[in-house]
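What follows is one structure encoded as structure tokens, with my remarks underneath.
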Amino acid sequence: MTVEDKLKALYELQQVDSKIDELRILTGELPQEVKDMGDELEGLKTRRQNIENEIKECETQIADHNVRIANAQAAISRYKEQQNNVRNNREFDNLSKEIEYQELDIELSQKKIRQYTADLEQKQQDKVKTAEQIEDKTMDLNQKRNELESIMAETKAETEALILRAGDLEKKIESRLLDAFKRIRKNAHNGLAVVKVERDSCGGCHSKIPAQKQLDIRQRKKIIVCEFCGRILVDPDMEQEMAKKKK
């Protein structure tokens, strides 16, 4: 390829890549929004599962303390019955202490049951609230996904065609030059690695270009880059020639 052919290939590749960028911009922040909303939804589902586990734990603790109370009450009944058959005051006092211990254990279990019941009611409310949040977030996520899929469906065919064209153009450009193009494009805030000379200035950074360098650019005998921004420069006539070629 002549230098002129290389410049034309680079310029067309830039146009194709810029068009691909424009199509991707149409989706805006939607892809990231969909991802963030999906992550948030998963977090809510994990929270709901944790709440359900905590609810089960509360119910288990309440059931255990109820059993403990029943056992203590049964023990008290036995001790009181045994008090009727004691042989001395010492045995009676020992049974009284056992009854007192069981009564204290009942009071403690009743206190625990009240605490776990309050926690259970709060966690059940949290579960309902979280379920509502999951439902709302699921609806929002589905809406955003449908919106994104609609935009992508509209641009899919054109984007795929442009990607194929970009691939064909890249095959024509030597690897060293293509690597430089990609590096410049990556570092440029607007993705422009190849720009025209416009009003005697670089079309990328708008720095003034000396007359002699403009003449060299128009002759297309060597690759010339802007000394300020590093972009590859082409003459203004390149765009018109490329447009005529497409027709």
The stretch 170-217, accessible surface, carbon-and-sulfur percent (1.4 angstrom probe)
49 percent
Kindly state, as a whole number, the per residue volume in cubic angstrom of the convex hull around the alpha carbon atoms of the stretch 91-185.
239 Å³
Using a probe of 1.4 angstrom, how much of the accessible area of the stretch 53-100 is carbon and sulfur, in percent?
42 percent
For the chain, which cysteines have no disulfide-compatible partner, meaning no other cysteine Cβ under 4.7 Å?
C58
In Å², and per residue, what accessible area does the chain have when probed at 1.4 Å with the other protein chains present?
66 Å²
Please report the net charge: other residues with Cβ closer than 13 Å to the Cβ of G38, K and R +1, D and E -1.
-1
Given only helices, namely DSSP H runs of n ≥ 4 each adding -39500 (n - 2.57), what is the per-residue ellipticity at 222 nm of the chain, to the nearest 500 deg cm²/dmol?
-28500 deg cm²/dmol
Using only the Cα atoms of the chain, construct the convex hull and provide its projected area averaged over every direction, in square nanometres to one decimal.
24.1 nm²
Too long for a 20 Å Cα-Cα cut-off, among K35/K137; K156/K182; K186/K222, are K156/K182; K186/K222
The chain, Gaussian network, Cα under 10 Å: of S77, S18, S175, the residue fluctuating most is S77
Sorting V195, Q214, A180 by the position of each Cα along the dipole of the stretch 164-247 (Lys, Arg +1; Asp, Glu -1; all at Cβ), the one nearest the positive end of that ordering is A180
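The values are calculated or read from the model by the stated rules, or taken from the named source; none is laboratory data. What you are looking at is a predicted structure, and each value in this text was computed from that prediction instead of being measured. Cβ sites come from the backbone with ideal geometry, for glycine too, and all protein chains shown count toward neighbours. What goes into the accessible areas is simple: the full protein's heavy atoms, side chains included, and nothing from ligands, DNA or RNA. Shrake-Rupley method; radii C 1.70, N 1.55, O 1.52, S 1.80 Å.
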